[in-house]
Amino acid sequence: MSKNIAKEVLKIERDALTSLIGRVNSDFNDVINVICGIKGRVIVTGMGKPGFIAQKMSATLSSTGTPSLYLHPAEALHGDLGRVTKDDLIVALSNSGETEEVVKLLPIIKKIGAKLIAMTGNVRSTLAKFADYTIDVSVKREACSLGLAPTSSTTAMLAMGDAIAIALLEKKGFREKDFALFHPGGILGKRLILKVADIMRKGSANPVVGEDTLVKKVLVAITKARAGSASVVDHKGRLVGIFTDGDLRRHVESDPRLVERKVKNVMTKNPSCINKEKLAAEAFDILRSKRIDELPVVDEKKRPIGLLDVQDLLKAGLV
């Protein structure tokens, strides 16, 4: 029974979203153009459930390059309208278009001189009549069996808000580096900002040995550095190999004199490496795809200047 109800709810909301596609026309282009042209911010408002959608829309706009804030309509009537200027643009969400708290704001918004976009399910409503632009988000019915709880209508508002935000993102040429600027925290921001140089091990924590060094001395260097590997270089200081605990395990049983061997005879030759200016996320992709735990960091002459361990990425919060 519950499963069938859930399926029916999803079908109704799917149909509501599908019906929106045909309403995206030249009027939508006008809305995007006017938002791009304002000097101020996009102020999104709504009461009740549409108010929550308004908050989400405002947050999405802000994070994708369109300065925005959410204005609670009831609080606006008690002083918060002071946040609105003639350079701003208001997006008001109301399914009926007759929400009391929203309607009371309309004459004052007009007096301030801010542009008004109505996102409503009733294009003949008071809200629509006051608006400079109207976006029709009407639905045939709510997914609620009583036809009362905002469901399909708020889903339609949510999707249209996303459509506006992404259309603005594209029109403004907003790119990953811009997105990263507004998302410095969390995995998203770190993947787009954090460079290998920011987290690599260097100095005494980056063991580098010559290719003729004996394995026993390599193990001492690795232990002192508290690392999982050592970068191996030729006589010009260029990376030619890496010796890891995996190499040790592969040879120790078959070669009782392993520690007396030169590391060039048991190392992994031509290892994967990365430049310090690359994103740490790229280093993680290499480690994951190659199924390795350590990655030497090299300069333009392929000299090892650092070491990146998968644990460093874990500590940085990238995984």
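No value in this document is a laboratory result; all are computed from the given coordinates. Nothing here was measured: the structure is a model prediction, and the numbers come from that model. All Cβ positions, glycine included, derive from the backbone under ideal geometry; neighbour counts span all protein chains shown.
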P(r) histogram, all alpha-carbon pairs of the stretch 223-294 included - 5 Å bins from 0, percent: 3, 14, 21, 24, 21, 10, 4, 2, 0
query: What's the long-distance tail for the chain, i.e. % of Cα pairs beyond 37 Å?
result: 45
nm² value of the averaged projected area, convex hull over the Cα atoms of the stretch 280-319: 2.8
- prompt: Counting pairs of alpha carbon atoms under 8 Å apart in space and at least six apart in sequence, what relative contact order in percent does the chain give?
  reply: 14
message: Output needed for the stretch 196-315: three equivalent-ellipsoid semi-axes, defined as square roots of 5 times the C-alpha gyration tensor eigenvalues, in descending order, whole Å.
response: 23, 15, 12
Förster radius 22 Å - calculated FRET efficiency between Ser26 and Ser96 (Cβ-Cβ, nearest 0.05): 0.25
- prompt: Each residue of the stretch 230-244 in order: what ³J(HN,Hα) in whole Hz does its phi give by Karplus 6.51 cos²θ - 1.76 cosθ + 1.60, θ = phi - 60°, with x for Gly and Pro?
  reply: 9, 7, 10, 10, 8, 5, 9, x, 8, 5, 10, x, 9, 10, 10
query: Can you give the charge dipole size of the chain about its Cα centre, rounded to the nearest 20 debye, using +1 on the beta carbon of Lys and Arg and -1 on the beta carbon of Asp and Glu?
result: 960
statement: Residues other than Val266 with Cβ under 9 Å of its Cβ, Lys/Arg counted +1 and Asp/Glu -1, net out at +2
message: Through the Karplus equation 6.51 cos²θ - 1.76 cosθ + 1.60, θ set to phi - 60°, convert the phi angles of the stretch 137-147 into ³J(HN,Hα) values in whole Hz; use x for Gly and Pro.
response: 10, 5, 10, 5, 7, 6, 6, 5, 4, 8, x
- prompt: Based on the inverse mean of 1/r over its pairs of different Cα atoms, what is the Kirkwood hydrodynamic radius of the stretch 1-138, in Å?
  reply: 15.6
statement: For Ile305, the residues 5 or more places away or on another chain with a placed amide H closer than 5 Å to its own amide H are Val297, Val298, Asp299
- request: Can you give me the span-like helices of the chain, meaning DSSP H runs with 20 Å or more of Cα extent along the axis and Kyte-Doolittle mean at or above 0.5?
  value: 152-171
- request: Scan around Lys195 for amide H atoms under 5 Å from its own, H built in the peptide plane at 1.01 Å from N, and keep only partners 5 or more places away or cross-chain.
  value: Ala280
message: For a quick check: with amide H placed at 1.01 Å from N, whose amide H comes under 5 Å from Leu116's, ignoring anything fewer than 5 positions away on the same chain?
response: Ile90, Asp132, Tyr133
field: Karplus-derived 3J(HN,Hα), 6.51/-1.76/1.60, for each residue of the stretch 79-95, Hz, glycine and proline x
entry: x, 6, 5, x, 7, 8, 10, 5, 7, 8, 10, 9, 10, 9, 9, 7, 5
